[in-house]
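Have a look at the structure below, then the notes.
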Amino acid sequence: MMHKLAKDDIQSDILGQIERVSGEELNKCYQCGNCTGSCPVSFAMEIPPTKTIRMLQLGRVDDVLKANSMWLCVSCLQCYSRCPKAVSAANLFEALRQLSLRKGESHEEIKDLPFPFLKGAPQQAIVSGFRKFVS
Amino acid sequence: MARIGVFICQCGKNIESTVDTKKVADEMAELPGVVYSCNYRFMCSAPGQEDVKKAIKKHKLDGVVVAACSPHMHEKTFRRACEAAGVNPYKCEMANIREQCSWVHHDTTKKAGTAKSIDITRMTIERLKKNKPLKKISIPVNKRALVIGGGIAGIQAALDIAEGGREVILVEREPSIGGNMARLSETFPTMDCSQCILTPKMVEAELHDNIKLYTWSEVEKVDGYIGNFTVQIRKKARYVDEELCTGCGDCLVKCPFKAPSEFEMGLATRKVIYTPFPQAVPNIPVIDAARCPKIQKGKCGICEKVCGPGAIDYEQTDQIVTEEVGAIVVATGYQVMPTARFGEYGAGKIKDVITGLHFERLASSAGPTGGEIRRPSDDKVPDSVVFIQCSGSRDEAKGVAYCSKICCMYTAKHTMLYKHKVPDGQAYVFYMDIRAGGKRYEEFTRRAIEKEGAMYLRGRVSRVYERDGKVIVQGADTLSGDQIEIEAEMVVLASAVVSRTGADQLAQKLGISYDRYKFFNEYHPKLKPVETVTGGIFLAGTCMGPMDIPDAVSMGSAVAGKVLGLFSAEEMAREPITASVNTMICNACWDCVVACPYTAIEKEEVRNKKGEIVRVNAKVNDGLCQGCGVCVAACRSKAIDLAGYTDEQVYAAISVF
Amino acid sequence: MKLTYYPGCTLNTVAKQFDASAKKSALELGFEMDELSEWNCCGASFPLTPDNIMGLSAPTKVLAQARKAGDTVMTLCSVCYNVLKRTNKVIRDDTDRRDVVCGFIEEDYDGSIDVLHFLEVLRDRVGFEKVKEAVKRPLEGLKAGAYYGCMLLRPFEDMGIDNCEDPTIFEDLLKALGCEPVGFPNKIECCGSHLALGKDNEEIVTKLSGNVMQSAAGSGAELIVTSCPLCQYNLDGAQEKLEASMPGYRPVPIVYFTQILGLSLGQSETELGLDTSRWDARPLLKEKGI
Amino acid sequence: MEKAVKETDEKLAEEKQPGAAAWEPKIMAFVCNWCTYAGADLAGTSRMEYRPNVRIVKLPCTGRIDPLFIIKAFENGADGVLVSGCHPGDCHYTAGNYHARRRWIGFKSLMEFVGLDMRRLHFSWVSASEAIKWVDLINSITDDIKKLGPFMEYRGLK
């Protein structure tokens, strides 16, 4: 795909917002790929962590927000724990989720959850799941 | 009859486990000319060497064979021992029965090893019988050095040699010393101003009592050999008397004619009488004769009129000066690859596509824009600049296969300089890999990316073209996998570092070798990095390949150490393995002259008392001969032989094979 | 020795056996777990984005309550441990965020508490040697796989309980109890965590937890020991699916480390709640003669 | 004395019977000091093993090797001859091996013309690091020449 790259993509407000919310500096990432290598769910992501960061560096926030990746991140912190530049892809995914959730768009609806799950699952699964998926 | 002693080493178990050294020693004792033969546990040990010395005295030996390890290991050891006991060191030979026998034949019955050791030792004994005592050759050394090239490497070499108390001739073909470094704005990774650190060194070189400067001069011819070179230098006509000129600069102000400035890479003009840049050393102008109407057509003459001391001399001609030196340092530097061959980058057509060296001038506070980044086409401050690394480097098809080594770093520096000068601007860098292997280099490139906001894109630019006053750059970002298009306002090519035009001719004059890119070859890339295969000629800086300033300066100093080492003795000793001509047989076919890789064989004219030529024959110059023996095999009349490896010696060895 | 104890929501509901076995074992090892009189949910996930100050308020409230009771607070659940320990560090080191959070929850708290995990207490305060001495029923021959998961270990600079790439604290405890600890490659990999909640994530959770279980089983573990109720839930779920889809897969019991601890200290299988596990550990224990 | 005569007789008898198990070929190797000699040394320091049939004459450079050396070697009882030096471009003396190669080409066609079995003459490049190549070379040459049997035509020409 042809991507027109301009100053406004790189110096955009939305990137600044993602950096502020996540506390991460996108430019620190040098694309070594360790996060994707470590990530237990990268196999199922439409855009794996390393490439997600790259696309953010290039200002392609919309493409990243459309992908399922941020919803699949399990916050296990393997990516961060092995990152040679101490960048947390998990934090960036959380920031992207926040970007979406703060607009009031939930990823999961409570009413859709099956009753056996609600009855049998540990409370922490429900609480943390709500925090991650529900606006 | 020879009186040879044979010493068979057991090397602990290393030889003894597969060779019956006692048996070898016994068999050797039977050979004619062998008066003493023994075996011993460790011949190279102090007692072992003592035994050799004692045997030499006791048995009045005139030759010694030590059958032990490879001569590459201990030949020197035993030759020294022999010399101490009064036997000529070249009458000592080693028979290699360890590396080439006991270690490669694992038969513990010792049958194969013993038989082969006997053969090897016997061949060595027969060879030794034909050995002549030889004496190391001593060559007088002229303790002056010639440095070719006045860039940072040459300046450093010259200063260090001069500080070491030896005279230096520094030859520079431009009107000023300083080289490419004088063009640079700031230097990575410390960002100190290039001129600020270079100018003091230039001045120091000019003022040093031991340095004689020839600028606007070129080496014309080199004769001789290590310790004894004769060099002819062409001092090109400057049309300004160097003795009279005070460097006041009136002529430059008044000269009415302009030409593109070479130093400013064509980004500015200079006068026809000019110094390349204000801090030039020496501060003496030169007239661009081809563009001077006075010299071409006899019209003008203003500079002569305004020159107070009367230093202008339109009649000046090139002069050839001859200097005698003992060592030569070659430090002729680099140039950047002409961009014209990269049509896809629009170089030469699109005004706003420039090279890194152009960018250096734009960024330099002493440069044509006073340090402001303005693009050449319309002086606009570009709001985005694309830097293209590997422009010609790592390109086997159209450029050079090697990495130019400095571009990753200077491009990172350029993005920083640009960001500092144009804070709103956006720098893009297309790269294939970032090679930042020096001290504090990786941190520097990361700083450009992380702190100074340079956008690095991993990919090679495929095309650059103009559209509506913009420079459109089309490439790829292989990290995201996408094609990328950028509307830029200026493009900077990190053009490949290539050898100087004419480097091959200089190499031929000097008799040194060069690679397919015309970079000069070091003797050994690891262990003799500043020597050439030609004794007394050394290399420093980018004439050997791309390198950065710290490396060039290190090599300049390294070479100075080598030169001062060479100059530390009155005479230098050389291995006497050289060829010599039997003039009675030489039929003057000159095959040897053609074959010799060192131009060590010359045509000698023999004259009678009246001075008439009675005969011509070949003559080997001991100083140049390296002892390869190519001439010996080339000689049809068998007039040449090689000391230490004579035909007689070889045939003697073969005869007992 | 009395230690302030924060159970968290899960240990009062679906993981009661975790809570009960720990409390009883503690007494036998010479310390008392003193449950906070008032506590709230920790939030079950540490807010990864630093601008989510709101997410810090619940755990800070817990910490502030605990500080009133003493200078340490102990947890059992890995998630609670992770959230409290990381929150505590933020409150201690980042005065800006501290001011906002403490202002909001109207508590004066400075991060001066030590957040401990029960495992740490056993290792550093009681000592594994002491634990070993207290063992009444050595679990000889029991091949127990130690599953750490994520929250106990990462991020290392915040948690610091053990080397996050090669932890041994679990194995060391198991050794003290007489077991034969089984290390396996996936012992620090994620079980699928909160993806358990999503409607489309079942497959992924099954895959992640399934990988853990296959890795453990492949290394010879006969039983899995964990410290996180969510891990247990996900692993159990995956085993159900593995059993259905993979011929020859034999599910293994997944128990809390405190249950195994209690067992070695002589508590009965019923009081430890071993009968409530999805896969009963009792036949295995019987087989091993324990 | 008697013993020596007997040994010589046995040796000659063996040599006259090509293919006799006890017969071992003799191979003369002319090598340069910098590459092949060092490569052969490396085979030793690496404790490799190869057939013991080769005898080495060290010269500064293959460029020093006179074609007559080869004839002399055959004359003195060599069953095969090997010439080996630095790879093209690696010559210690910059170009000596090129001279050797050029000379070799002429010499080879001459020897072919006079009817020498070219399997007895080998030319190779072995660098200082190519111990394995040296070992393989000596083994294969030895085995090949063993099959050819002794070379008697030039023997005793002197």
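Annotations
- Each of the peptides C:250-256, B:384-390, B:208-214, B:296-302 was scored by the mean count of other Cβ atoms within 10 Å over its residues; in descending order, highest first, they stand as B:384-390, C:250-256, B:208-214, B:296-302.
- Global geometry of segment B:334-498, whether rounded, prolate or oblate, following the gyration tensor of its Cα atoms and the 1.5 cut on a/c: rounded
- Taking all protein chains together and rolling a 1.4 Å probe, residue B:269 ends up with roughly 90 Å² accessible.
- Most positive-pole-ward Cα, B:165, B:216, B:193, against dipole of segment B:122-228 from beta carbon charges: B:165
- Projected onto their three principal axes, the Cα atoms of chain A cover extents of 51, 31, 28 Å, largest first.
- With a 10 Å cut-off around each Cβ of B:424-433, the average count of Cβ atoms from other chains is 2.
- Ellipsoid equivalent to chain C - semi-axes via the Cα gyration tensor, in Å: 32, 23, 16
- Helix C:229-245 and the longest principal axis of the Cα set of chain C meet at an angle near 30°.
- Of all lysines in the structure, the ones whose alpha carbon falls short of 22 Å from that of residue B:349, not counting any fewer than 8 places away in one chain, are B:380, B:398, B:470.
- Between segment B:421-443 and segment B:444-504, the Cα center-to-center distance that results, in Å: 11 Å
- Estimated vicinal HN-Hα couplings, Hz - segment B:283-299 in sequence order (Karplus 6.51, -1.76, 1.60; Gly, Pro = x): 7, 10, x, 9, 9, 6, 4, 5, 9, 8, x, 5, 6, 6, 10, x, 10
- Cβ-derived FRET efficiency at R0 51 Å, residue B:289 paired with residue B:80, nearest 0.05: 0.25
- Taking the centroid of alpha carbons for each part, segment D:69-87 and segment C:126-143 are 79 Å apart.
- Eigenvalues of the alpha-carbon gyration tensor of chain B, scaled by 5 and square-rooted, set the equivalent ellipsoid semi-axes at 60, 34, 21 angstrom, largest first.
- Calculated [θ] (222 nm, deg cm²/dmol) that DSSP helices of n ≥ 4 give over the protein assembly as shown, each run adding -39,500 (n - 2.57): -10500 deg cm²/dmol
- GluC sites (Glu not before Pro) lying in DSSP loop within segment A:74-135, provided at most 10 other Cβ fall within 10 Å: A:105, A:109
- Relative to the longest principal axis of the Cα atoms of chain A, helix A:13-22 runs at roughly 50 degrees.
- Note on residue B:533: accessible area approximately 30 square angstrom, rounded to 10, probe 1.4 Å, nucleic acids and ligands left out.
- Working from Cα pairs under 8 Å separated by at least six residues, relative contact order for chain D is 34 percent.
- For segment C:1-74, a crude dipole built from +1 on the beta carbon of Lys and Arg and -1 on the beta carbon of Asp and Glu, taken about the Cα centre, is about 60 debye to the nearest 20.
- Förster radius 45 Å - calculated FRET efficiency between residue D:132 and residue B:398 (Cβ-Cβ, nearest 0.05): 0.75
- Per residue value of the accessible surface for chain B (all protein chains in place, 1.4 Å probe), Å²: 41 Å²
- Relative to the longest principal axis of the Cα atoms of chain C, the long axis of helix C:78-93 makes an angle of roughly 30 degrees.
- Mean separation of Cα contacts under 8 Å, 6 or more apart, over the residue count of chain B: relative contact order %: 13 percent
- The shape of segment B:436-585 comes out prolate: with a ≥ b ≥ c from the C-alpha gyration tensor, a/c is at least 1.5 and a/b beats b/c.
- Set C:16/C:143; B:130/B:528; A:28/B:419; B:201/B:528; B:143/B:236 screened for pairs whose C-alpha atoms are more than 29 Å apart: B:130/B:528
- Using a Förster distance of 56 Å, the FRET efficiency for residue C:99-residue C:284 (Cβ separation, nearest 0.05): 0.55
- Within the protein assembly as shown: Cβ-based charge dipole about Cα centre, in debye rounded to nearest 20 (Lys, Arg +1; Asp, Glu -1): 4060 debye
- Over segment B:557-657 - Rg/Rh using Cα atoms and the Kirkwood inverse-distance radius: 1.10
- Peptide A:40-46 is shielded by partner chain Cβ atoms: per residue, an average of 4 of them sit within 10 Å of its Cβ.
- Qualifying trypsin sites (Lys or Arg not before Pro) in segment C:203-290, where qualification requires a DSSP coil assignment and no more than 12 other C-beta atoms within 10 Å, are lacking entirely.
- Dipole of chain C computed with +1 at Lys/Arg Cβ and -1 at Asp/Glu Cβ about the Cα centre; of C:63, C:277, C:183, farthest Cα towards the positive end is C:277.
- Each distinct pair of alpha carbons in segment D:45-158 adds a 1/r term; the inverse of their mean, the Kirkwood radius, is 15.0 Å.
- Under the combined filter of DSSP loop state and at most 13 neighbouring Cβ atoms within 10 Å, segment C:91-124 retains these GluC sites (Glu not before Pro): C:106.
- Note on residue C:27 and residue B:50: the model spin-label points, each 7 Å out from Cα along the C-beta direction, lie 8.7 nm apart.
- Dipole axis of chain B (+1 Lys, Arg; -1 Asp, Glu on Cβ), positive-most option in B:245, B:261, B:517: B:517
- Distance from segment B:328-351 to segment B:93-123 (C-alpha centre basis), Å: 59 Å
- The order of the peptides B:57-66, B:40-49 by mean Cβ neighbours within 10 Å, most packed first, is B:57-66, B:40-49.
- Within chain B, helices built from complete DSSP H runs that reach 15 Å or longer along their own axis (Cα positions) and carry a mean Kyte-Doolittle hydropathy of 0.5 or higher are B:152-163, B:549-566.
- Shielding by partners for peptide D:97-107, expressed as the average number of C-beta atoms from other protein chains within 10 Å of each residue's C-beta, is 2.
- Compactness of the protein assembly as shown - radius of gyration and Dmax, Cα, Å: 42.2, 129
- For the peptides D:128-135, B:599-606, the ranking by packing is D:128-135, B:599-606, with the highest mean count of neighbouring Cβ atoms within 10 Å listed first.
- Cross-link pairs exceeding 22 Å between alpha carbons, from the set B:60/B:111; A:66/A:119; B:258/B:297; C:130/C:175: B:60/B:111; A:66/A:119.
- Chain D: DSSP helices with Cα axial extent of at least 24 Å and average Kyte-Doolittle hydropathy no lower than 0.0: D:131-148
- In Å², nearest 10: area of residue B:372 left accessible to a 1.4 Å probe: 90 Å²
- Shape of segment C:128-287, Cα gyration tensor, a/c cut at 1.5: oblate
- Label-point gap, in nm, between residue C:16 and residue B:204 - each point 7 angstrom along Cα→Cβ: 8.6 nm
The values are calculated or read from the model by the stated rules, or taken from the named source; none is laboratory data. Since we're looking at a predicted model, the values are computed, not measured. Neighbour counts are summed over all protein chains in view; Cβ atoms, including those assigned to glycine, are modelled from backbone coordinates with ideal geometry. Heavy atoms of the whole protein, side chains included, go into the accessibility calculation; ligands, DNA and RNA do not. Shrake-Rupley method; radii C 1.70, N 1.55, O 1.52, S 1.80 Å.
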